[in-house]
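Right, one structure below, let's go through it.
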Ligand code: URA
């Protein structure tokens, strides 16, 4: 991975990166933590080893609840891109932090920006109905977006904005460890799968997300389905595909 991006990920995760001296100074093995051990699953890469700050008094493992609240705090404090200056508040994500099903949309809209919760407007109402059709209450899944701040005039997030925000989503995925990811719409699918293939060709099949190869299903964004209700049948096929994957796990 490109060095600057790797550092941005680590910084956003709250990990202090120490520069290895050359030749390396003698360091007691117990004060070293490999990057592979310190990063969540999707970020683990064999071979790369970095010293990260540890102290004798630091707790060995932060609880999952602590990691979630730390992440939430870092998202709300983030001003890495210009979106934060134009939005009311960050929209972290909502739901069951141990959900089997993780829903990933695009970006907060006006309603979400006001309420601080994803998918609470008209598209959210349809998403709730889609989830109920699958047999899920909204509270049973986790719902997040590619970016945590509302873009001005509801434009699509720019690539650099999505990349700045990506470490937060990566950590949400790593902490949730979902069995299946459902990606809603083009912005979500393109950023998660690093492709620009149209949603119509990405939907209807199983993709694997990241190094941990979490099964990922793409479907149409609920806002698009509100405008093109004739596509709902195809979306239902996608939801059934996601359900069949959940039953397999
Ligand atoms: N559309 C999205 O992609 N996310 C939201 O939170 C709301 C609408």
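Note on segment 137-177: among residues that are free of Cβ contacts under 8 Å to residues at least 60 places away in the same chain and buried (at least 21 other Cβ atoms within 10 Å of the Cβ), the one that is nearest to the ligand (Cβ to nearest atom) is 145. Considering the conditions (1) under 28 Å from residue 160 (Cβ atoms); (2) at pLDDT below 95, residue 249 is excluded by exactly one of them, (1). With respect to residue 111, is the statement that it is without any contact (Cβ under 8 Å) to a residue 24 or more places away in the chain and more than 18 Å from residue 209 (Cβ to Cβ) true? Criteria met by residue 111.
All of 126, 101 fail the test of being more than 19 Å from the chain's Cα centre (by Cα), crowded, with 19+ Cβ neighbours inside 10 Å and closer than 22 Å to residue 242 by Cβ, apart from 126. Note on segment 116-131: residues that are under 12 Å from residue 236 (Cα atoms) and either part of a loop (DSSP other than H, G, I, E, B) or away from the ligand (no atom under 11 Å from the Cβ) (or both) total 3.
The values are calculated or read from the model by the stated rules, or taken from the named source; none is laboratory data. Bear in mind the structure is a predicted one, so any value in this text is a computation, not a measurement. Cβ sites come from the backbone with ideal geometry, for glycine too, and all protein chains shown count toward neighbours.
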